[in-house]
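The values are calculated or read from the model by the stated rules, or taken from the named source; none is laboratory data. Every value quoted in this text rests on a predicted model; they were computed, and no experiment measured them. Neighbour counts are summed over all protein chains in view; Cβ atoms, including those assigned to glycine, are modelled from backbone coordinates with ideal geometry.
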Protein chains: 2
Amino acid sequence: MRFKKSTQELQKENFIQNLSYDCVIFGFNGKQLKILILEYHNTGFFALPGGFINRNESLDDAVKKGVKNRTGLDDIYLEQFQTFGSLTRSDPDAMKRIFKENDMDREIPDWLLDRFISISYYALINYDKVTPTPDELSDSIDWYSIDELPVLMMDHRKIVAKALQVLQDNLEKKLVGMNLLPSKFTMKQLQMVYEVILGEELRRTTFQRRILGMNILDRHEKLFQGKAHKAPYLYSFK
Amino acid sequence: MRFKKSTQELQKENFIQNLSYDCVIFGFNGKQLKILILEYHNTGFFALPGGFINRNESLDDAVKKGVKNRTGLDDIYLEQFQTFGSLTRSDPDAMKRIFKENDMDREIPDWLLDRFISISYYALINYDKVTPTPDELSDSIDWYSIDELPVLMMDHRKIVAKALQVLQDNLEKKLVGMNLLPSKFTMKQLQMVYEVILGEELRRTTFQRRILGMNILDRHEKLFQGKAHKAPYLYSFK
DNA sequence: TATTATTGTTACAAAATGAGACAATAAGAC
DNA sequence: GTCTTATTGTCTCATTTTGTAACAATAATA
């Protein structure tokens, strides 16, 4: 959970109480699976991007808006995967600290110190098209490799683990590659996406045969990379 | 969404606002896949069993408690599958009507007329061990076959459809049969569970070979049903 | 022109699945 | 008792899918 607006706008009446969302935003940099993590200024607190649900907007719209603000992207592939509601997951002390370090500890709305149930989404985005944008609470936001994450606040590590597990389960049925890759890509790139998500190496020939057999790709021109070997074809999703 | 307690106890301070849960409780009667549907008295409103989350209990505990009250069962297999949060899903007029028909329209707490975001679970239970129990708002609760459901309130039909879809997706990886069948069952019974969930017929020999190949079953004595043919073995999950 | 690394494709083996056949066997009919 | 009936457990063979390796094609470089 985190703030989208200045505290002026964080008025209790505007938002649904005790409810937040968190989003695991996946990107693929060509080699590794990455997620966007933000850091609250002067606290050493790392967290998933998130926010609250406005009383007069739908849950999905709230999340879309939040992710758009962080990434600059419209039409993002979003999937809701779990709602976390344990009694111990919230951390009012951390919340106080964040406000304090931003010289806002007099303004902290009391509803932010209450218990929160968090609805979690994951997003799949094209890494290269994103300009990660921190918000007014002056935190940074950056890509972290999935296997080199910093220690995260509250239960956010658990949320990431669940997101990855669901992503793995959905890998076959949901055309994950389409959203993590540019519109044209090589078979090798697609295979690497599958490999980083599954965390295991795949056999090149079997993978190629299976994917082509699905009949979901169009083949385009070759990609000449200036390397001393045969040039691969470019593909796109139909 | 529905009520667990008399309105005396439905005080705003006790519950998390704007948040409810709904539960699709699946059972298998030997032939059909059934779910528990309740009917509000004198309204013709059919709905999924559900409830609210107490401020000092975890989300999972709230749902466990609710399902236990309706079924009498402890240790229920529960799986959270989706949170519904559209702006249009709530229906304050229906809520008023329900209270009115129960001669409680003066007592209706105003927070019940507000927007609700609903966290949905499905449960898998042993049909024969359940005594469906209506609550103090004097409604009935009964089993309905999945393909003969009455018209449901609000978006509950959509919730059921999603539950069934997720159940289908989870069929292989989650040992669904274990929770819908008695501890000892025949191969035929297990196959029928798979068939009603998938909505398609399966080949007997292939099914048997596949399930036995998984090595998840123990074979026990034969079951003599008084029928003029070979008696099947009983199995249990390891 | 030869070398190198990677690619697309083919070939064959191994495993999984589809489809059918068949013997075994409880209980009822005679 | 013996025959009939319906269902079960198992086996066989064909088909499909997957695992594994081999090999020729080919961009760039030496």
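Against the conditions (1) charged (D, E, K, R); (2) more than 19 Å from residue A:22 (Cα to Cα); (3) out of contact with any Ser or Thr (no Cβ under 6 Å at 6 or more places or on another chain), where does residue A:107 fall short? Just the number, please.
Single failed check for residue A:107: (3).
Would you call residue B:114 in contact with a Pro (Cβ under 9 Å, 6 or more places away or on another chain) and either basic (Lys, Arg) or within 14 Å of chain A (Cβ to nearest Cβ) (or both)?
Considered against the rule, which asks whether it is in contact with a Pro (Cβ under 9 Å, 6 or more places away or on another chain) and either basic (Lys, Arg) or within 14 Å of chain A (Cβ to nearest Cβ) (or both), residue B:114 comes out as yes.
Only one of B:103, B:114 is over 30 Å from residue B:184 (Cα atoms) and in contact with a strand residue (DSSP E or B) (Cβ under 7 Å, 6 or more places away or on another chain). Can you tell me which?
Selected residue: B:114, the only one of B:103, B:114 that is over 30 Å from residue B:184 (Cα atoms) and in contact with a strand residue (DSSP E or B) (Cβ under 7 Å, 6 or more places away or on another chain).
Assess whether residue A:141 counts as being surrounded by 15 or more Cβ atoms within 10 Å (Cβ to Cβ) and over 20 Å from residue A:34 (Cα atoms).
Judged against the criteria, residue A:141 is not a match.
Could you check residue A:48 against (1) in contact with a His (Cβ under 8 Å, 6 or more places away or on another chain); (2) within 12 Å of another protein chain (Cβ to nearest Cβ) and say which number it fails?
Result: residue A:48 fails condition (2) only.
Out of segment B:162-189, which residues are within 21 Å of residue B:122 (Cβ to Cβ) and near DNA strand D (Cβ under 10 Å from one of its atoms)?
Within segment B:162-189, B:189 is the sole residue that qualifies.
Just to check your reading of the model, which residue among A:84, A:99 is buried (at least 18 other Cβ atoms within 10 Å of the Cβ) and either within 14 Å of chain B (Cβ to nearest Cβ) or at pLDDT 95 or above (or both)?
A:84
Which of the strands (runs of 3 or more DSSP E) found entirely inside segment A:7-86 contain at least 2 residues meeting this: closer than 26 Å to residue B:120 by Cα?
The strands (runs of 3 or more DSSP E) meeting that bar are A:15-28, A:50-54, A:77-84.
Being assigned to a loop (DSSP other than H, G, I, E, B) and charged (D, E, K, R) is the filter here; which residues of segment B:128-160 pass it?
Matches in segment B:128-160: B:135, B:136, B:139, B:147, B:148, B:155.
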